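What follows is calculated from the coordinates using simple rules that are stated; it is not laboratory data. Keep in mind it's a predicted model, so treat the numbers as computed, not measured. Methodologically, a virtual Cβ is constructed for each residue, glycine included, from the backbone with ideal geometry; neighbour enumeration extends over all protein chains shown.
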Amino acid sequence: MRSIALRAAMTRPAVFLAVLPGATETRLAIETELRRRGWPVAASPASADLLIVCGCPGPDSSEWLEYVQSCLPRPVHRVVVDHPGRVGPLLDAGQATLVERMPFLRSGHGDPARRRVESRHLSRNRPHGHDERDPGEERTAHADDDAHTGHGGHETHGMSEVAGRPMAERAEDRDGLNLDRLHVSLGPALQDWPAGLILHCTLQGDVVQAARIGSIPIRTDRASFWNEPWLLAARGERVARGTAARRRCAARLDSLGRLLAVAGWADPAARARRLRDEALAGVPPGSFARELLRLVRRVERSRALRWLLADVGSVAAPLIDEAGGAGEASEIGGDAHDRLVRWLHEARRAVAGFDDAQPLGTGERPGLREGPRGVSSPTQAVLDLLPRLLLGAEFACARIIIASLDPDMDEAAVAPLGGGPDA
């Protein structure tokens, strides 16, 4: 009976997505196909059956991908999807491999509780530098050596050690209390997280005392998927304004879905992502507009959501000026709730242009800002701004702040990253 139950579970394996910079189009295709098949997306590798890598990993990605894969319960299988057109066949192949390994599961290892016990046992015997925590959220003291050595004096060789691992150091916090200073990293393998982004933090209690932005070392010559229509038009290619309007609407809904998911609003997040996919698929604007309006009203009328996001990640004009992004104030100004409402309204306005067949760039006001995020994208300004914006914030708010700014790491993959103050 257990074997039958396990085979039934393999018809809808839980997957964990590891998204690489430059793979937005592939990620969207995978998410659409997973929803069509009814396959659940796991919140962490420990609860997944299948690891799906979105994009083409290079040699510099092998180590952290191997670590993510080692955190999956056995049998472990990785599927690399490097093109949106290959999603279906590759998922079929991955599922078939899991089914082929069922004899291994029938031997007793298929029991979920036993799989997790064995995973923990294996993690205790891994070489120094790995543990059983979610690879998206781990101490930099044994995850990324350069996160705490040679940067700002936070070297671990002066700390006490237990079982060969560094303990937190002590220092005075903003209230004059002598609290532990803990070095923590978020990313790159984290659900609802910008692709490839790594946030190195120094915490005292639950307060961020210092932050530094990093990224997995992947560079690509492929332009941002969201900016593609405007970039093609700038090169002289004919792109319909309706195509650009749909891309802008989808970009805002993608950001909205990520922020709502991080805030714990799973159902509206799923609806935003379904509408995102429908906008890209070319659904008629009439029914789409009605569905979007229902989502807008539900989100805007939520007092709980307003209470959760208000005053979180507030970006004032002087702070933007210091980060060198004064021209992006209209895009990233305000708090997390302000940005969420702005995305909703921009998505609604874009629907009116879904059927516009005129070439992009004609009949528009001079100086009109182009693209989902403007002619000059605020991505670099956001990355430069984040270390200062996170300073003094509660650690629980860090993910909300980042999701509300939603930097497009596809752009960062073709440009130098802003480092900010060292953590």
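Points worth noting:
- When region 5-69 is reduced to its Cα atoms, the Kirkwood hydrodynamic radius in Å: 12.6
- Summed residue charge, Cβ within 14 Å of residue 82's Cβ, Lys/Arg positive, Asp/Glu negative: +3
- Couplings for region 80-89, taken from phi via the Karplus curve 6.51 cos²θ - 1.76 cosθ + 1.60 with θ = phi - 60°, read 9, 10, 9, 8, x, x, 9, 4, x, x Hz in order; Gly and Pro are left as x.
- Percent of C-alpha pairs per 10 Å bin, region 235-310, short to long: 18, 48, 24, 9, 2
- Using the Cβ of residue 271 as centre and a radius below 9 Å, the other residues enclosed give a net charge of +2, where K and R count +1 and D and E count -1.
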